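Visitor: Questions regarding the structure given below will be posed in turn.
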Amino acid sequence: QLERYLRYDRVLPSYRNLVSCACLQAACDLRINGVLPPSKIDFVPYSSYPNYDDVRCVAYECLVRLIRLDKASAAALWGKILHDPAPGVRRRAARYWAERWEKQPRFLRHFRIDENALEIRELRTAIWDTINDHPDEVLRYTARRLYKAIWSRKWSERKSMDRQVYLNVQMNPSNAMRRWHEAHENLKASQAERRRDRFGGMSIKLSVKSARIHR
């Protein structure tokens, strides 16, 4: 039935291919629960460029969810995301991967058990190369989040300042880091000044009280 709806939506596309997106999500749920065999629906062709962007993003999301069933596909999927021709799809797929794995510490513990396996080392190398060498600042930041979510022993929730950096980079990647750095330095300077004034006022009050006592 899902294959029939997918073929029908390919012939007569629905609005933003919503039928195809819903069918892919349902097929992914059935695959994870063991109802649908792996040979029925292949998500990789739906993540290719001729498809609509929303369909491709949903296909990437399904492939990320299916990593728990096949860890060997993680490194190849990361490379496919990086080489996608559309920057928006690349960023959405990588952001979904990072956000999903940040919320799954139990799965990541089992994932780190096999970190000496060849496919896990390949994924680690690919993410590290992205952090160091990729020209897209948004993807570098997302790769850093994903790397910390997997291999950082003390990973905590992102702070509001990190969230602001992420949003600034997405909206204006050319000078967002410079503007954020200037704002951050100004905030630190103002906080230090307020702290210095507060402690200075306390010392003045103490000196006045001590002078009164001596009198």
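Visitor: Suppose R0 equals 25 Å. What FRET efficiency, 1/(1 + (r/R0)^6) with r the Cβ-Cβ distance, do Lys148 and Arg16 give to the nearest 0.05?
Guide: Efficiency for this residue pair is about 0.15.
Visitor: Among 43-52, 85-94, how do they line up from the highest to the lowest mean number of other beta-carbon atoms within 10 Å?
Guide: Descending mean neighbour count gives 85-94, 43-52.
Visitor: Suppose the chain between Glu193 and Arg124 were pulled fully straight at 0.36 nm per residue; how much longer would it get relative to their current alpha carbon spacing?
Guide: Working: separation 69, 0.36 × 69 = 24.84 nm, distance 4.28 nm.
Here the segment from Glu193 to Arg124 would lengthen by 20.6 nm.
Readers should treat all values here as calculations from the given coordinates under stated rules, not as data from a laboratory. Model, not experiment: these values are computed from the prediction. Cβ atoms come from the backbone with ideal geometry, glycine included; neighbour counts cover every protein chain shown.
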